[in-house]
1. Would you pick out the residues in region 170-180 that are in a loop (DSSP other than H, G, I, E, B) and not hydroxyl-bearing (Ser, Thr, Tyr)?
2. Tell me, which strands (runs of 3 or more DSSP E) wholly within region 116-169 include 2 or more residues that are of a type in the set (Phe, Trp, Tyr)?
3. Quick one: which residue in Ile183, Ile109 is assigned by TED's automatic domain parsing to the domain that holds Leu82 and of a type in the set (A, V, I, L, M)?
4. How many of the residues making up region 60-82 are buried (at least 16 other Cβ atoms within 10 Å of the Cβ) and touching a residue at least 12 places away in the same chain (Cβ under 8 Å)?
5. Note down all Cβ pairs under 9 Å where the first residue falls in region 128-157 and is in contact (Cβ under 8 Å) with a residue 40 or more places away in the chain, the second is surrounded by 14 or more Cβ atoms within 10 Å (Cβ to Cβ) and of a type in the set (Lys, Arg), and they're at least six residues apart or on different chains.
Amino acid sequence: MTIPNRRVIPLVLSIGLGVSVGGCDSFSGFVKQATSDDRTASLPRQAPRLQAGDKVKLVVFGEEKISGDYEIDQNGRIAVPLIGAVRAAGLTKKELEQTLAARLREGQILRSPVVTIDVSSFRPFYVLGEVEKPGEFTYRNGLNVMSAVAVAGGYTFRASKSKVLVQRAGEKSFTEYALSPDIAIYPGDLISVPERYF
């Protein structure tokens with residue numbers, strides 16, 4: 001699998017993929033084909049999960065000292081007054097709300113805490129390869145791979161419109177998908193649009 005657009009490689013390296021690219025412009029060895037499980041997992045059925053770098057607004061009803069804005073640190077935690085460090089990475093908003101409420105009850109801080117989490121900002125996503133404006137983009141809920149490409153200015157005339165490569169946050173390789181609006185995009189994802197075969 002090759003992506004001849006050579007401007008892709010410096011950008012890929014600069015955002016810390018952590019892989020060595022064999023050859024000048026090839027992702028060979030770092031691409032797998034989507035399985036049926038991958039396709040099922042790609043459908044936008046679940047809320048995005050929080051990760052390091054995401055910013056959240058915590059509101060605990062009646063407790064101004066606890067309520068406030070928090071950023072998930074590199075260890076995947078937020079430091080909440082009276083509670084301490086709470087793991088947030090890997091959780092949905094609802095799961096984090098439940099975790100914080102449980103910690104408040106267990107610590108006998110509040111008997112019936114009412115906890116609300118809103119995400120102030122997610123990590124960006126990245127679009128590379130055969131798009132008009134490759135780069136970093138602000139994530140918003142409901143993105144799929146086709147809307148992500150549109151945000152990046154659309155396809156170049158060399159772009160493949162039948163397949164796309166996606167590297168999920170935390171994964172070490174790209175997965176090749178048949179292009180479809182069913183492919184959800186999540187915070188931190190890296191999308192690469194390959195060149196079509198003429």
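The values are calculated or read from the model by the stated rules, or taken from the named source; none is laboratory data. In this text the structure is predicted, and so the values were computed from the model without any measurement. When we count neighbours, we look across all protein chains shown, and the Cβ atoms used for this are built from the backbone with ideal geometry, even at glycine.
1. Our first condition is that a residue be in a loop (DSSP other than H, G, I, E, B); within region 170-180, this holds for 170-173, 179-180.
Scanning region 170-180 gives Gly170, Glu171, Lys172, Leu179.
2. Fully inside region 116-169 and qualifying: 125-129.
3. Details: Ile183 fails: assigned by TED's automatic domain parsing to the domain that holds Leu82.
Just a single option satisfies the conditions, and that option is Ile109.
4. 9
5. Going by the 9 Å Cβ cut-off, the qualifying pairs are Glu130/Arg158; Glu130/Arg196; Tyr139/Arg123.
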